[in-house]
Each structure stands twice: as C-alpha cells, then as structure tokens.
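These notes are about the structure you will find just below.
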Amino acid sequence: MLRIGVIALQGDVSEHVLAMERALQGKGEVQAVRTPGIIPGCDGLVLPGGESTTISKQLASSEMAEELKKAVYAGVPLLATCAGLVLVSREIEGEMRVKPLGLMDTRIGRNAFGPQRESFEADLDVKGFDRPYRAVFIRAPAIVRVGEGVDVLARVGENIVAARQNSIMALAFHPELTDDLRFHDIFLKMLEERAISGG
Ligand code: GLN
C-alpha cells in the first residue's frame, strides 16, 4: 500500500488529498501531514499551493523542512504546486520573506504573470501528452530560469510552468482543481518506478 503525505501547514490541502485519492484508485492512502515524524514514513509527498510566505515560515519553525529535504534527497517523489513550486526552488526574484528549500535548480518569479492576472486558465502543450492540458492558474508564479538538470515540460509564453528534476515535479498551476489527472498519473508512475527499483 502506497502512503502519500500532503504537507498541511496552509493552502489547498483537502483538494490535494481528494485528487490524489482519486488518482490512486484504492492503491494507497493519503494523509494530511501537520506534524513532524510522519514524512519519513511516506512513499510520496505533495507540497500544495497557498501562500508561500506563510508555508515557508511554518516549515522553518518545525522540523518538517529538514524532513522534507531528507526525503527528497533520498529520492522520494515530490509534487510541488504553485506556492510549493516557489518553495522547492533555489532562487526567488526579489523576495526576501520566503526561504526557499533549494531542492530544484530553478529561479522563480512570484508575479511572473503580473498582479492583474489574478487567475486564468490556459491550454498547455505538455511534453509527452498527446492532447492539450487545461490548466488553472491562481496568482501563479513561474520558473524564469532552469539549470541543466531540469526537464521543462510546459510553458506559457516565455514562462516555464511545469518542470521535473529527478524526483521533483513542480507545477505553477493547480492540477488538484481539475478532473484531468495526467500529472498525478506521472507522479504515481514515479512512485511505482522507485518501488520497483527498491529505492
Ligand atoms: N503567489 C502565491 C505565492 O507565491 C502562490 C499562489 C498559489 O499557490 N495559488 O505564495
């Protein structure tokens, strides 16, 4: 049985739990993680959207930031969405309040789409998908620079909105808010591959 932990410090946690349960189709269980000690027992992790300044502060003041880093270094797959994508980055443009975890070789623009674009939807051409993916963006950040080890999966104009580096999949939009679970399916495949390789 797979066990997936959704980091539940702030943000749209319940939507992520429900979407992941749908994607799992009974092959595992999903747990909202609010306290230290649970992350080390998870096969996969989700860092949801929300307010990256708030989540950053709460992560730093608990042992969960260290647990999360340790898990990712050990190869545990992590799905980081929206504020989660901000938090896993190496650098954030012009932002001093968020302490990024430095897990992914990316530079983030927190207001890459401009403050006037509060939320929008876009049809994305995603690497490996045979038809467009309708994505929901809410006060979305974007990746404005990637290092060599990062695989870019989708863009909106110049902005990178989906990328993967080793066991991290980072999305600027909200895959938990739509019925299309293709990103969840990739994530679950990452978990299964790790289980098979005994990692
Ligand atoms: N702009 C927000 C932040 O940087 C993220 C928005 C979201 O997660 N929906 O915290």
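The values are calculated or read from the model by the stated rules, or taken from the named source; none is laboratory data. No experiment lies behind these values; they were computed from the predicted model shown. For the accessible areas, the whole protein counts, side chains as well, though only heavy atoms, and no ligand, DNA or RNA atoms are used. Shrake-Rupley method; radii C 1.70, N 1.55, O 1.52, S 1.80 Å.
Looking at the chain, send over the antiparallel percent of its DSSP beta bridges, to the nearest 5.
The answer is about 55 percent antiparallel.
With every protein chain present, what is the per residue accessible area of the chain (1.4 Å probe, Å²)?
Heavy-atom accessible area per residue stands at 47 Å².
So what's the back-of-envelope 222 nm ellipticity for the chain, counting only DSSP H runs of four-plus at -39500 (n - 2.57) apiece and dividing by all residues, rounded to 500?
Taking each H run of at least 4 residues, the total per residue is -8000 deg cm²/dmol.
Please give the solvent-accessible surface of Phe129 in Å², to the nearest 10, using a probe radius of 1.4 Å with every protein chain present.
40 Å²
Could you tell me how far the Cα centroid of the range 107-128 sits from the Cα centroid of the range 149-185, in Å?
11 Å
Quantify, in whole percent, the carbon and sulfur part of the accessible surface of the range 16-111 (1.4 Å probe; protein heavy atoms only).
With neighbouring chains kept in place, the figure for the range 16-111 is 47 percent.
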